[in-house]
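Take a look at the structure set out below.
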Amino acid sequence: MLEELNRLEEEALKALETAEDEEALDQWYRAYLGRKGAVTRMVRSVGTLPKEERPAFGRRANEVKQALEAAYADRRETVRRMALARALEEGAVDVTLPGRPVVRGRLHPATRTLREIYAIFADMGFQVYRSRDVETDEYNFQLLNMPPHHPARDMWDTFYTTQEGVLLRTHTSPGQIHAMREFAPEPVRVILPGMCYRYEQITARSEIQFHQVEGLAVGRNITMTDLKGTLAEFARRMFGPERKMRFRCSHFPFTEPSVEVDIDCILCEGRGCPVCKHTGWLEILGAGMVHPVVLRNGGYDPDVYSGFAFGMGPERITMLKYGIQDIRYFWGNDLRFLEQF
Ligand code: PHE
């Protein structure tokens, strides 16, 4: 019986070495030390031994039990440590890896150009004046010298609303009237940036919405020379000192005389290319001296005051500056385009 007990102890200790997790440990415990375990059963069988062998067997059995309990507790601790080490290794974070780059936003190319324009005109004393996108027929046309049914209205295909006489502004020029009525009879020097809307076929060259920046200066003794000087300075700062500028006669109902302003083509420097349609010139804005009727509508006496106005499209200017072929990129929300600026 004693031999058997020794053999059982040896077997149990060996089996314990192979227990690698909690479940195996529990199983092992049940097999040897549990209520129906091999060791427990053997201890109980002490009664079947001859009387004189019982004390020695009993002592040895207790020793074995205690040894196995101790080995079991040891092994449990080892298994716990192994499991912890494994978990740490599996979930390890390599703190030396470089971080994930943060995706940075940026300004929309139209916003960048707008801000450049603000800065250039701010240096010449122009304030930014904001006015509404939803306008009345009166401000968008009538006060700008275009009575109902005036054929010049055809230059602006218009989004009308369901409310009589209310429309989306087709240009920033109605802001001229708002500004003049606010400042008259004091002199005005403002630029009016904002979104404009036209009911047009969308093509590479035209969109239904786009920015304009209007300029307006009203005061005493303002002449065409001032307009020329102001625009020349603008073109120099926006496109570089080597650009040439050209004034062409034109017509707008709200300016007299009216001009359109070109710069020599940035790409071919005037030699002729597809961008300038082989003319050597790029149109950048419309301008003129504020029409006497418009001055009066704004609250100024045209016999005392005079002024100039101009209107430009920042998207168009951006296209010229960066050689962008299609205006639809601006509002297409394609990051591949936007990320280039
Ligand atoms: N409002 C004109 C347009 O949209 C541009 C312009 C503004 C022309 C001011 C003259 C003076 O085409």
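The values are calculated or read from the model by the stated rules, or taken from the named source; none is laboratory data. The model shown is predicted, which means the values in this text are computed figures rather than measured ones. A quick note on method: Cβ atoms are made from the backbone with ideal geometry, for glycine too, and the neighbour counts reach across all protein chains shown. With ligands, DNA and RNA removed, areas are computed over all heavy atoms of the protein, side chains included. Shrake-Rupley method; radii C 1.70, N 1.55, O 1.52, S 1.80 Å.
Just a few scattered comments:
- Just one of the listed residues (Leu338, Leu285) is in contact with a strand residue (DSSP E or B) (Cβ under 7 Å, 6 or more places away or on another chain) and open to solvent by less than 50 Å² (accessible area, probe 1.4 Å), namely Leu285.
- When residues of region 184-196 are limited to those that are open to solvent by 40 Å² or more (accessible area, probe 1.4 Å) and in contact (Cβ under 8 Å) with a residue 24 or more places away in the chain, the one farthest from Thr113 (Cα to Cα): Pro185
- Entirely in region 4-106, the helices (runs of 4 or more DSSP H) that have 2 or more residues that are among the hydroxyl-bearing types (Ser, Thr, Tyr): 22-32, 54-90
- Residue match in region 162-172 (condition: more than 10 Å from the ligand (Cβ to nearest atom), β-branched (Val, Ile, Thr) and open to solvent by 60 Å² or more (accessible area, probe 1.4 Å)): yes
- First in region 134-158 and in contact (Cβ under 8 Å) with a residue 40 or more places away in the chain and in a loop (DSSP other than H, G, I, E, B), second anywhere and open to solvent by 20 Å² or more (accessible area, probe 1.4 Å) and within 11 Å of the ligand (Cβ to nearest atom), Cβ under 7 Å, 6 or more apart: Asn145/His291; Trp156/Arg198; Asp157/Arg198
- The set of residues in region 290-311 that are closer than 26 Å to Ile117 by Cα and surrounded by fewer than 21 Cβ atoms within 10 Å (Cβ to Cβ) contains only Ser306.
- Leu114 vs. criteria assigned by TED's automatic domain parsing to the domain that holds Thr161 and open to solvent by less than 80 Å² (accessible area, probe 1.4 Å): yes
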